[in-house]
Amino acid sequence: MAPTAKSDGKTIIDSAISSKIPATANPLAEEPSQIASNINYHAKFSPHFSPFKFEPEQAYYATADSVRDRLIQQWNETYLHFHKENPKQTYYLSMEYLQGRALTNAIGNLNVQSAYADALNKLGHQLEEITEQEKDAALGNGGLGRLASCFLDSMATLNLPAWGYGLRYRYGLFKQRIAKDGQEETAEDWLEKFSPWEVVRHDVVYPVRFFGRVHVNPDGSRKWVEGEVLRALAYDVPIPGYKTKNTISLRLWEAKASAEDFNLFQFNDGQYESAAQLHSRAQQICAVLYPGDATEEGKLLRLKQQFFLCSASLQDIIFRFKERKQGTDSLQWSEFPKKVAVQMNDTHPTLAIPELMRLLLDEERLAWDEAWEVTTRTVAYTNHTVLPEALEKWSQTVMWKLLPRHMEIIEEIDRRFIAMVRATRTDLESKIPSLCVLDNNPQKPVVRMANLCVVSAHTVNGVAQLHSDILKNELFVDYVSIWPTKFQNKTNGITPRRWLRFCSPELSNIITKWLKTDEWVTNLDLLVGLRKFADDSKLQEEWASAKMANKKRLAQYIEHVAGVKIDPNSLFDIQVKRIHEYKRQLLNILGAVYRYKKLKEMSPEERKKTTPRTIMIGGKAFATYTNAKRIVKLVDDVGAVVNKDPDVNSYLKVVFVPNYNVSVAEILIPGSELSQHISTAGMEASGTSNMKFALNGCLIIGTLDGANVEIREEIGEDNFFLFGATADEVPNLRKDREIGLFKPDPRFEEAKQFVRSGAFGSYDYNPLLDSLEGNTGYGRGDYFLVGHDFAQYMDAQAKVDEAYKDTKRWQKMSILSTAGSGKFSSDRTIAQYAKEIWNIEECRVP
């Protein structure tokens with residue numbers, strides 16, 4: 001089949017323009033003409049496409065190569081500086097990183113945006129058009145992964161000696177498409193061509209073993225042998241700090257099998273699949289983020305992924321520790337925790353604990369007590385959830401099969417922990433079955449990963465004050481009585497570079513103008529200086545103008561991806577996050593259904609008195625999460641009816657925004673005016689999108705959950721639309737429901753009935769709505785209290801409508817929202833981790 005070739009007049013013009021610019025290598029160029037030459041050099045001498053093409057796609061890859069030159073130079077200088085200074089370093093282990101596009105962020109942090117814009121103009125292109133060519137790296141799913149990426153940005157900006165470790169997923173989670181039957185999932189294609197930002201390190205390869213058996217040596221020492229061995233190959237993605245030379249690394253592992261593992265005899269005998277069996281298994285490990293785990297094979301693959309990340313990363317960390325010790329008299333393992341901090345981002349990297357123990361015991365031949373001392377002083381754990389299904393528990397049977405040596409080590413950790421509790425805390429004897437690591441229930445014996453983390457880590461932290469209090473007072477209360485100083489809070493944060501400076505330049509410029517400095521970009525507390533101007537009509541006017549520019553940009557985007565025309569003069573009301581019943585997108589859409597029904601019942605004159613509103617909901621429902629997918633379908637069905645209703649569509653639009661990711665967020669968040677953070681209180685650990693919206697002057701309607709509590713404290717109660725049960729009320733409300741004391745609000749019943757009536761099509765929504773009915777039972781009884789909170793939610797929305805009519809009041813509230821967001825910088829969060837958990841210090845490249 002012949003290759004498809006695109007050739008038109010524009011290609012010839014682009015090539016003609018670029019041919020006038022000398023193709024000269026100038027990797028550290030800062031002037032636009034030199035940068036243009038360096039871009040042209042890469043187009044000609046680092047070619048990824050046929051010659052004589054310089055369309056936007058080719059221009060993007062050449063531009064990325066040019067920026068990468070500078071990043072590699074800075075990365076090399078940073079690496080050498082860390083090697084020379086030999087500081088204690090942090091290694092951040094996360095199954096997810098939601099990086100977003102790299103080009104805008106890189107040229108922004110390097111402070112060369114205008115130079116690159118001018119250079120591309122000389123080559124016949126617009127920077128905005130070129131940045132649109134980049135596909136988001138598909139390495140994450142939700143808040144956990146985006147937090148990890150914000151943290152990397154802050155580590156680099158604060159000049160901290162730190163690295164990230166993750167996996168190089170080829171197909172990501174999935175790309176979402178909305179079809180007539182609802183959400184459809186297809187594989188992400190971010191690596192269909194290649195990523196220009198990663199640097200493959202062919203010299204950084206480690207063996208990772210699965211299965212096999214434990215061999216006992218004559219001296220009693222043990223060794224894990226046989227099984228299957230894959231290779232972990234490193235790909236480095238440079239992470240530049242903002243206006244600093246420091247450029248750190250996100251090291252991603254890819255699973256490989258060697259040429260020796262390819263059975264040539266079988267292949268030539270026609271047994272093609274068996275010949276490449278190990279190669280096929282290697283490809284599976286880094287194929288997909290969070291593969292479905294309903295089957296035994298799926299569970300095994302997830303466990304393989306987690307161990308692969310932990311083993312490769314720890315082997316690399318130990319290698320780097322030894323490398324820095326070369327030339328010194330002796331290798332003292334007691335020095336290891338003084339040079340290495342390992343942070344586990346949630347329970348996914350828990351296997352780092354038994355793997356570090358195995359490497360120290362079996363490979364380095366340390367005694368148990370010394371290995372345990374090293375491990376427990378090195379490893380720290382961040383808890384991200386109190387949801388039972390997210391506190392991982394792995395089948396002991398699967399673990400023994402896949403990781404026999406690690407199970408021996410976990411058994412010994414558990415045995416010693418139980419002995420310690422019995423010896424020192426006889427009052428906790430009855431609690432041992434829930435505190436120990438191994439749950440030996442004969443029906444379903446499991447390893448409790450969160451318990452293993454708490455028992456082994458030197459520090460455990462929650463990610464918002466409310467969440468950390470729940471951990472200390474409820475989930476881990478008995479551990480707190482054993483180790484009262486082990487538990488901390490580190491309220492999450494977001495990077496102000498990506499989430500305001502780069503995604504909303506209009507608003508950023510206004511902030512800089514009124515504060516008379518741009519230092520707020522790295523010292524977000526300076527935003528408080530806006531408070532004294534909040535009533536100033538000139539600032540309010542400029543503020544409204546910047547918000548309108550962002551709203552118009554968002555309206556264009558919505559028309560492009562959803563085919564719906566929306567009015568920038570309506571209130572833009574947005575809820576974007578993973579689709580999950582506890583996040584209560586169902587509450588939002590039932591509220592929209594009720595609003596639509598009331599608008600239909602009004603006279604034309606009455607409608608004119610209402611506040612026009614555009615409700616946008618976006619997020620991915622996990623492929624096997626049926627009720628979440630039903631919610632997506634309901635939002636889309638409601639939108640299909642409302643948006644075509646001539647009586648109502650000037651006053652209400654409902655849009656499902658497809659394929660929500662970082663780049664989509666960078667358009668949605670600056671254009672938002674009201675944002676919904678409405679999870680059942682006590683269920684959202686922190687949330688970080690709430691911080692992004694608040695920073696951009698968007699007002700929040702929300703419950704007292706996660707970081708909402710602290711956001712409301714910082715921006716002022718009058719600037720937050722509060723509703724709903726509190727976390728301490730929730731358990732009693734569930735009990736009341738079970739004994740039949742719940743009395744639903746008539747508006748709630750009306751909204752549900754309207755959906756059941758078929759007003760939004762023939763799809764059967766009864767299974768979804770049935771989850772809100774009854775008092776008890778699996779999938780019933782309204783566990784997430786949608787019915788209980790509905791009345792307060794509708795009352796809070798009425799207050800929103802009134803507030804929006806008073807333009808001056810709304811603009812003041814918006815300004816105060818931004819002014820109160822200083823606390824929520826990831827720079828503050830990471831500075832606290834560095835000082836209070838990792839004990840690392842700045843190591844600035846001179």
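The values are calculated or read from the model by the stated rules, or taken from the named source; none is laboratory data. Keep in mind it's a predicted model, so treat the numbers as computed, not measured. Counting neighbours? That spans all protein chains shown, and the Cβs are built from the backbone with ideal geometry, glycine included. Each accessible area value is taken on the protein alone, full model and side chains, heavy atoms only, with ligands, DNA and RNA left out. Shrake-Rupley method; radii C 1.70, N 1.55, O 1.52, S 1.80 Å.
A quick yes/no check of all residues on (1) in contact with a Gly (Cβ under 9 Å, 6 or more places away or on another chain); (2) of a type in the set (Asp, Glu); (3) within 30 Å of residue 622 (Cβ to Cβ):
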site: 286; (1), (2), (3): no, no, yes
site: 289; (1), (2), (3): yes, no, yes
site: 299; (1), (2), (3): no, no, yes
site: 316; (1), (2), (3): no, yes, no
site: 343; (1), (2), (3): no, no, yes
site: 355; (1), (2), (3): no, yes, yes
site: 363; (1), (2), (3): no, yes, no
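Can you find a residue in the stretch 715-722 that is β-branched (Val, Ile, Thr), touching a Ser or Thr at 6+ places or on another chain (Cβ under 8 Å), assigned to a helix (DSSP H, G or I) and in contact (Cβ under 8 Å) with a residue 24 or more places away in the chain? Yes, that holds for at least one residue. In the stretch 449-475, the residue that is most open to solvent (accessible area, probe 1.4 Å) out of those that are more than 21 Å from the chain's Cα centre (by Cα) and free of Cβ contacts under 8 Å to residues at least 40 places away in the same chain is 473. The set of residues in the stretch 476-511 that are open to solvent by 40 Å² or more (accessible area, probe 1.4 Å) and under 22 Å from residue 541 (Cα atoms) comprises 501, 505, 506, 509. When we screen 622, 572 for residues that are within 29 Å of the chain's Cα centre (by Cα), open to solvent by less than 40 Å² (accessible area, probe 1.4 Å) and within 30 Å of residue 138 (Cα to Cα), the only hit is 572. Taken over the stretch 190-216, the criterion of being among the charged types (D, E, K, R) and at pLDDT 95 or above is satisfied by 198, 201, 203, 209, 213. Consider the stretch 67-103 and keep the residues that are small (Gly, Ala, Ser) and on the phi < 0 side of the Ramachandran plot. The one that is surrounded by the fewest Cβ atoms within 10 Å (Cβ to Cβ) is 102. Here the condition is being at pLDDT 95 or above, assigned by the TED database to the domain that holds residue 549 and touching a His at 6+ places or on another chain (Cβ under 9 Å); of 703, 726, 688, it holds for 703 alone. The residue of the stretch 35-47 that is nearest to residue 63 (Cα to Cα), among those that are open to solvent by 30 Å² or more (accessible area, probe 1.4 Å) and touching a residue at least 12 places away in the same chain (Cβ under 8 Å), is 43. Kindly evaluate residue 149 against the criterion of being buried (at least 20 other Cβ atoms within 10 Å of the Cβ) and among the hydroxyl-bearing types (Ser, Thr, Tyr). Answer is yes for this residue.
Within the set 834, 798, the sole residue that is assigned to a helix (DSSP H, G or I) and in contact (Cβ under 8 Å) with a residue 12 or more places away in the chain turns out to be 834. Scanning the stretch 804-846 for residues that are more than 20 Å from residue 713 (Cβ to Cβ), open to solvent by less than 20 Å² (accessible area, probe 1.4 Å) and assigned by the TED database to the domain that holds residue 615 yields a single hit, 810.
Conditions (1) under 21 Å from the mean Cα position of the chain (by Cα); (2) closer than 27 Å to residue 143 by Cα; (3) open to solvent by 10 Å² or more (accessible area, probe 1.4 Å); (4) not aromatic (Phe, Trp, Tyr), marked per residue:
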residue	(1), (2), (3), (4)
626	no, yes, yes, yes
631	no, yes, no, yes
636	no, yes, yes, yes
641	no, no, yes, yes
647	no, no, yes, yes
654	no, yes, no, yes
660	yes, yes, yes, no
666	yes, yes, yes, yes
669	yes, yes, no, yes
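Going through the stretch 221-233 one residue at a time, which ones are among the hydrophobic types (A, V, I, L, M, F, W, C), in contact with a His (Cβ under 9 Å, 6 or more places away or on another chain) and either surrounded by 15 or more Cβ atoms within 10 Å (Cβ to Cβ) or touching a residue at least 24 places away in the same chain (Cβ under 8 Å) (or both)?
Those that are among the hydrophobic types (A, V, I, L, M, F, W, C), in contact with a His (Cβ under 9 Å, 6 or more places away or on another chain) and either surrounded by 15 or more Cβ atoms within 10 Å (Cβ to Cβ) or touching a residue at least 24 places away in the same chain (Cβ under 8 Å) (or both): 224, 233.
In the set (1) assigned to a helix (DSSP H, G or I); (2) among the polar types (S, T, N, Q); (3) out of contact with any helix residue (DSSP H, G or I) (no Cβ under 8 Å at 6 or more places or on another chain), residue 481 fails one condition alone, (3). Taken over the stretch 596-609, the criterion of being open to solvent by 40 Å² or more (accessible area, probe 1.4 Å) and under 19 Å from residue 803 (Cα atoms) is satisfied by 606, 608, 609.
With the requirement that a residue be out of contact with any Leu (no Cβ under 8 Å at 6 or more places or on another chain), among the charged types (D, E, K, R) and either surrounded by fewer than 14 Cβ atoms within 10 Å (Cβ to Cβ) or free of Cβ contacts under 8 Å to residues at least 60 places away in the same chain (or both), what does the stretch 738-760 give you? 738, 743, 745, 749 - these are the residues of the stretch 738-760 that are out of contact with any Leu (no Cβ under 8 Å at 6 or more places or on another chain), among the charged types (D, E, K, R) and either surrounded by fewer than 14 Cβ atoms within 10 Å (Cβ to Cβ) or free of Cβ contacts under 8 Å to residues at least 60 places away in the same chain (or both). Residues considered: 405, 324, 302. Of these, the only one that is free of Cβ contacts under 8 Å to residues at least 60 places away in the same chain, open to solvent by 10 Å² or more (accessible area, probe 1.4 Å) and in a helix (DSSP H, G or I) is 302.
Residue 311 falls short of the stated requirement of being part of a helix (DSSP H, G or I) and over 26 Å from the mean Cα position of the chain (by Cα). The single condition among (1) part of a loop (DSSP other than H, G, I, E, B); (2) farther than 23 Å from residue 338 by Cα that residue 811 does not meet is (1).
Within the stretch 376-393, the set of residues being in contact (Cβ under 8 Å) with a residue 12 or more places away in the chain, farther than 18 Å from residue 345 by Cβ and either among the aromatic types (Phe, Trp, Tyr) or assigned to a helix (DSSP H, G or I) (or both) comprises 376, 377. Looking at the stretch 155-162, can you tell me whether even one residue there is in a strand (DSSP E or B), over 24 Å from residue 628 (Cβ atoms) and modelled with pLDDT of 95 or more? Yes: one or more hits.
Considering 764, 801, the condition of being open to solvent by less than 50 Å² (accessible area, probe 1.4 Å) and either not charged (D, E, K, R) or not assigned by the TED database to the domain that holds residue 183 (or both) is satisfied by 801 alone. Consider the stretch 29-54 and keep the residues that are within 18 Å of residue 196 (Cβ to Cβ) and part of a loop (DSSP other than H, G, I, E, B). The one that is nearest to the chain's Cα centre (by Cα) is 48.
Within the group 226, 198, which residue is under 21 Å from residue 161 (Cα atoms) and of a type in the set (Asp, Glu)? Even if it seems obvious, please write down each step before you answer.
On the way: 226 fails: under 21 Å from residue 161 (Cα atoms).
So the residue among 226, 198 that is under 21 Å from residue 161 (Cα atoms) and of a type in the set (Asp, Glu) is 198.
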